[in-house]
1. For segment 32-138, which trypsin sites (Lys or Arg not before Pro) pass both filters: DSSP loop (anything but H, G, I, E, B) and at most 13 other C-beta atoms within 10 Å?
2. With angles folded into 0 to 90 degrees, how steeply does helix 617-630 sit against the dominant principal axis of the chain? Use alpha carbons for both and round to 10.
3. Quick check: Cα centre of segment 558-631 to Cα centre of segment 115-152, how many Å?
4. What shape does the chain have by the C-alpha gyration tensor, where a ≥ b ≥ c are the square roots of the eigenvalues, rounded means a/c under 1.5, and otherwise prolate means a/b greater than b/c and oblate the rest?
5. Can you bin segment 124-195 into rounded, prolate or oblate? Criterion: square roots of the alpha carbon gyration tensor eigenvalues sorted a ≥ b ≥ c, rounded for a/c under 1.5, prolate for a/b above b/c, oblate for the rest.
6. How far apart, in nanometres, would the label points at residue 84 and residue 382 be if each is projected 7 angstrom from Cα along the Cα-to-Cβ direction?
7. Relative to the longest principal Cα axis of the chain, at what angle does helix 155-173 sit, 0 to 90 degrees, rounded to 10?
8. Quick one: check the C-alpha center-to-center distance for segment 1-40 versus segment 298-374, whole angstrom.
Amino acid sequence: MSANGKITKLAICLLAALLVCIAYSNHFNNPFEFDDEHTIVNNTAIRELKNIPTFFKDARTTSTLPKSQAYRPGLTTLNAIDYAIGGQDKPVPFYFHFSIFVSFIVLGICLFYFSKFLFQNYFSNTLSFYASLLVATLFCVHTANTQTINYIISRDDSFSTLMVVVGFLLYFYSPLAKKFYLYLLPMVIGFMVKEPAIMFAPLLTVYKLFFESKYKEQSIFKFKNLIAVFLSSSLAFIMAALLFAFSQSMTPATWTSGNLDRWNYLISQPFVFIHYFNNFFLPFNLVVDTDWEFVTKITDDRFLIGLGFLVALIVIIVKCAKKHPLLSFGLSWFILALLPSSSIIPLAEVLNDHRPFFAYIGLTLSSAYLLMLLYNLYAIKTNLKAVFKIGIVAVLILHSVGTYKQNAIWQTAEGLWKEATLKSPKNGRVWMNYANSLMSRGAYAEAEVAYNSALKVWPEYPYLFINFGILKSVTNRFIEAEMDFKKALNLDSENPEFYFYYGKFLIKQKRFTEAATLVNTGIQKSRMHGGLLSLRNEIELLVGNPDKLLQAKIKEEMDKVKTNPTPENYIELSLAYYNAKQFNECIVACNEALKLKPDYSLAYNNICSSYNELKQWDKAIEAGNKGLLVDPTNELLKGNLNVALQEKKKEK
């Protein structure tokens, strides 16, 4: 290759890398969401690197929720490392996102060499180079993959996928690794992060069937050939079986997949395959949490259509195996990679849009192969090369724009869950999480409407009653709040989160003995729950030295403001001052929050409340009126303003 040719290829590679970086440039500070709370935010196990050996012995370190404590020590290790790099008391999303993105880029590089090995036998060196670069770039900017990359705990999907591809690279490029079966080591590492990594075994078998079979020029699916290929991969299957058995033995009895209905889950999955397939080509239906319902009978149109789709895919795989093995391999990858989540293992939700990340490698590979085939057959002969190239670049740019926009949706909990209520209106958890985001900015009336929407569709959802309790507590409906806390515990007495929030409520009510009993019960159920451990310390300090606790809280919030001066952190500082009866300092902190966020109604509320305590009614009224201008639905602010108005009348 000429020097100019090398420079051109290098420049195009750099442009592809730049495109990926631009597409994800706005995602690094996206907050923790959903399962991140119990696996990262509240999980004290990841707070010390010295705990890493324990992760491999005790699956309870994976999560603070007993039902979610699967054996994934590699995942917990990655979380612990990123927490340590962050260097703060609480996990910082940036460091997790940065680490995940670096491994994502590494996956893209690996995909390039993985694809190049496959393409080089079917296209010229130049065309196989660009086909491989297309696979790597398209996969990395693909809009559908944002659901995995933004959702921090889904790093288990992206990292285990990376290990599968690394295993193939060792098999392709290293005779030593091939001779001594070292290509199985990445499968072991990946499995420790997430179980689907063991699908390396069937994927390797399919690769051998389509590309290494001695009968591939005759009948690939000849029985003797199938047996021979399977036996050649037997060690990989034995390793996979041993890993799975070991994982099962290490998983606590409290763990549950979230759903016990294997049959209805199984017959729901064929149509789910269509959804994932469609999202690859038209990623307009992405949502953080779907409201799909289970198929309950095999005469359902969804089952029949989905089954027909799978049969059609299998027919294409078989028919194309001899002449177009790359196409068949990619489609086989798509099906096999989805089997752990779309088969007989019943997960809590029918589908999640972050699940097909692993499977999309297969569709990306097949798509690139078909495009290069069309380019060779038609574009070159009809002088449409320029049009073809522009079309590919346009697709990559459109995906990059889509990725950037999806990242923006994930930037705030309110934006993420509001979109979800539009796309999944029959999902009670979606409405509840949207309400939680409204609660965080003090929009209590709007939050209650959203909670009631959740109640209509999921009337027995225990988390919902915990959040009702929190809402009614902050709006001074204490009797109703306690009834909701108790109902949540009655519905699910094994969930430590419920003991945490009910315990906080009891502490605020100064019912310390009851709170201590409740918190200790919660700790027995989840000994790594950071919130419960903090509550236990808080109760001890309140009973022994409440002033010391208040001052410690002020110092903690001041440290947060110094390292991360956000409006939210200033509000937390103002609350710490308020609880310590340092009302002037509370007002100062709120004014700092308003400098950063002028429409922050919670800041006006705290100012109004502080002036009430200082008996400066005019200033309280002024702050209250300003706050209601930016958020007329804030019931707490209305209450504090009403206090000021009533006291002002008394003076007259």
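1. Filter output for segment 32-138: 57.
2. In the chain, helix 617-630 runs at an angle near 20 degrees to the longest axis.
3. Segment 558-631 and segment 115-152 have Cα centres spaced 51 Å from each other.
4. Prolate, because a/c is 1.5 or more and a/b exceeds b/c.
5. oblate
6. About 5.8 nm, to one decimal.
7. The answer is roughly 20 degrees.
8. 26
Every number here is computed from the coordinates shown, using simple stated rules; none is lab data. Only a predicted model underlies this, so the values are computations on that prediction, with no experimental measurement involved. Note: ideal-geometry Cβ built from the backbone for every residue, glycine included; neighbour counts use all protein chains shown.
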